[in-house]
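The values are calculated or read from the model by the stated rules, or taken from the named source; none is laboratory data. Owing to the predicted nature of the structure, the values given are computational and were not obtained by experimental measurement. When we count neighbours, we look across all protein chains shown, and the Cβ atoms used for this are built from the backbone with ideal geometry, even at glycine. Please note that ligands, DNA and RNA were not included when accessible areas were found on the heavy atoms of the full protein model with its side chains. Shrake-Rupley method; radii C 1.70, N 1.55, O 1.52, S 1.80 Å.
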Amino acid sequence: MFMVDIASVQVLYTGDYSREEDLHLLAAEIPQFSPDICIIESTYGVQLHQPRNVREKRFTDVIHSTISQGGRVLIPAFSLGRAQELLLILDEYWSNHPELHNIPIYYASPLAKRCMAVYQTYINSMNERIRNQFANSNPFDFKHISPLKSIENFNDVGPSVVMASSNGLQSGLSRQLFEMWCFDKKNACVILWYVVERTLAKTIINEPKEVTLMNGLTVPLNMQVHYISFSAHANFA
């Protein structure tokens with residue numbers, strides 16, 4: 001965020017922001033001045049998101065249903081921000097559902113792992129909910145979630161949940177797992193954030209019958225695809 005004063009005219013320039021508190025982060029603070037001109041990013045400026053409790057329930061319902069049917073869940077993810085929030089949701093949900101304790105959850109991103117150390121260190125910068133939890137234990141020290149270094153370290157023998165980069169499914173472990181799992185209708189890919197045009201993630205939101213693999217082959221897309229927006233960008237409301 002930048003505020004520029006030009007000939008006594010105050011211009012505020014900022015990226016997108018949200019006045020809604022997350023599970024872990026504070027809401028954006030309002031500057032203590034009144035600019036004459038605001039220039040603001042507005043990715044969802046003419047759209048409305050579903051209420052948070054509705055989105056969280058849709059998210060956990062899709063995952064629980066897929067796991068119950070013997071499927072695998074792929075969550076293409078960014079490394080920072082919303083990834084940590086979704087991991088908090090998953091870890092809490094698993095804690096409240098003992099029948100899921102034998103189902104592994106992995107996050108597969110070296111950068112996400114490094115970011116986790118920052119979250120674990122700067123607890124005082126989190127919201128009141130996280131700070132209160134930290135009095136008993138570090139909420140980012142997950143009980144049911146493990147890091148995954150590479151596809152070679154992954155024992156793919158049954159239902160699981162994997163959050164992996166890249167979020168656009170263009171490369172990385174998320175793309176590798178997608179190509180392994182897209183044939184099976186029991187599996188699901190859950191897209192939770194803004195996706196860029198001409199990426200695979202954007203393509204499959206429209207549920208095409210076929211997709212093109214990295215080797216150029218065209219194969220059926222049988223896995224379920226769910227889009228539930230947890231984007232950090234503010235909406236019209």
Segment Ala28-Asp5, length gained on full extension (0.36 nm per residue, minus Cα span):
6.1 nm
Which percent of the accessible area of the range 142-205 is formed by carbon and sulfur heavy atoms (probe 1.4 angstrom)?
50
Fully extended contour minus Cα-Cα distance, from Lys143 to Val219, at 0.36 nm per residue:
23.6 nm
In straight Cα distance, which lysines are under 28 Å from Lys149, not counting same-chain residues fewer than 8 positions off?
Lys113, Lys185, Lys186, Lys202
Does the range 168-237 classify as rounded, prolate or oblate by the C-alpha gyration tensor (a ≥ b ≥ c root eigenvalues; a/c under 1.5 gives rounded; else a/b over b/c gives prolate, otherwise oblate)?
prolate
Looking at the range 128-207, which trypsin sites (Lys or Arg not before Pro) are in a loop (DSSP not H, G, I, E or B) and have at most 14 other Cβ atoms within 10 Å?
Lys143, Lys149, Lys185, Arg198
Using a Förster distance of 45 angstrom, determine the FRET efficiency expected from the C-beta separation of Ile89 and Cys38, and round it to 0.05.
0.90
Can you give me the solvent accessible area of Tyr13 with a 1.4 Å probe, rounded to the nearest 10 Å²?
120
What's the FRET efficiency of Lys57 with Ser171 using the Cβ-Cβ distance as r and R₀ = 35 Å, to the nearest 0.05?
0.65
Tell me which chymotrypsin sites (Phe, Trp or Tyr not before Pro) from the range 138-193 have a DSSP coil assignment and no more than 12 other beta carbons within 10 Å of their own.
Phe183
